[in-house]
Amino acid sequence: MRRNLKWTLPVAAVLAALPAAASGQELPAGVTAETIEQGKQIFHGDGLCVSCHGQDGQGTPIAPILADATWLHIDGSFDALVGLITKGVDAPKEAPIPMLPKGGSSITDDQVKAVAAYVWKLSHGG
């Protein structure tokens, strides 16, 4: 059986968009499924986020859950997430230690945006 490769890429693009549509949430401007996936890799790797926030943002005793709709310091919007990750949290409301700017990592501003996209998706049903 021969595959029609002409349809492979468009179908893949449609399928990648389904989770956002299925959750009823449109992705923030400039955020794509690829950005979210990149953010996930950074969150669990060079961004060091997983060290405090746990696997898939489920929280730990030293940092809050990111995979729900509860926000302690911001409104949970993509832009607010970018700002918070960039600046850190000097005086956390419920965590025992501050969050350093960029989580103490040396990720770039573009990587911060990717992590923010991943966290946004986690907190919006993803």
Result of the Cβ filter at 7 Å on segment 71-94, keeping first residues that are closer than 14 Å to residue 121 by Cα and partners that are aliphatic (A, V, I, L, M) and part of a loop (DSSP other than H, G, I, E, B), at least 6 apart or interchain, is 76/69; 78/31; 80/74; 81/74
Return the residues of segment 60-70 that are surrounded by 18 or more Cβ atoms within 10 Å (Cβ to Cβ) and without any contact (Cβ under 8 Å) to a residue 40 or more places away in the chain; say none if nothing qualifies. 63, 64
Just to be sure, is residue 56 surrounded by fewer than 21 Cβ atoms within 10 Å (Cβ to Cβ) and in contact (Cβ under 8 Å) with a residue 60 or more places away in the chain? yes
Report yes if some residue within segment 78-101 is part of a helix (DSSP H, G or I), buried (at least 19 other Cβ atoms within 10 Å of the Cβ) and in contact with a His (Cβ under 8 Å, 6 or more places away or on another chain); otherwise report no. yes
Collect the residues in segment 46-66 that are part of a loop (DSSP other than H, G, I, E, B) and touching a strand residue (DSSP E or B) at 6+ places or on another chain (Cβ under 8 Å), keeping them in residue-number order. 54
Is it the case that some residue within segment 96-118 is in contact with a helix residue (DSSP H, G or I) (Cβ under 8 Å, 6 or more places away or on another chain), of a type in the set (Phe, Trp, Tyr) and touching a residue at least 60 places away in the same chain (Cβ under 8 Å)? yes
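Search segment 28-45 for residues being among the polar types (S, T, N, Q) and assigned to a helix (DSSP H, G or I), and hand back the single one that is surrounded by the fewest Cβ atoms within 10 Å (Cβ to Cβ).
If we filter segment 28-45 for residues that are among the polar types (S, T, N, Q), which is where we start, we get 32, 35, 38, 41.
Retained after the next criterion (residues that are assigned to a helix (DSSP H, G or I)): 35, 38, 41.
On the way: 35: 21, 38: 18, 41: 14.
If we take residues in segment 28-45 being among the polar types (S, T, N, Q) and assigned to a helix (DSSP H, G or I), then 41 is surrounded by the fewest Cβ atoms within 10 Å (Cβ to Cβ).
Read the figures in this text as sums done on the coordinates, not as results from a lab. Bear in mind that the values here come from a model prediction, so they are computed numbers and not experimental data. A quick note on method: Cβ atoms are made from the backbone with ideal geometry, for glycine too, and the neighbour counts reach across all protein chains shown.
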